[in-house]
Amino acid sequence: MEWCREQAKIETEKYKKDNEEKRILIPFYADRQLDYNKQKFYTGGYLFLQSFYYHLGLHKVCRKIRAKYKAEV
C-alpha cells in the first residue's frame, strides 16, 4: 500500500509539472466594474450577482435550508 501511495504521489507531481505550462488564469473581481466600451472574450455579468449573493450571506441561508430539508443537489 505504501508503494502505491508513493507511486501515486510521483505521478501526480509529474502530471502537475507537465501541465503547469498549459494553465491560464484569468482573475475576476466581483466588485470591479467592467469596461463596457471594450469587447471581452468572456462573460462577467454573473460577478455582479455573485457579489450580492455572498455579501448578503445567501450561501449560508441556502446551506441551512438544504440541511434542514435534506435536499440533494
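Laboratory data are not the source of any read-out in this text; all were calculated from the coordinates shown. Note that the coordinates shown come from a computational prediction; the quantities given were computed from them, not determined experimentally. Neighbour counts run over all protein chains shown; Cβ positions are idealised from the backbone, glycine included.
A few remarks follow.
- Each Lys or Arg adds one and each Asp or Glu takes one away; over the other residues whose Cβ falls under 14 Å from the Cβ of residue 71, this sums to +4.
- Residues whose amide H falls under 5 Å from that of residue 30, counting only those 5 or more places apart or on a different chain, are absent, with hydrogens built in the peptide plane.
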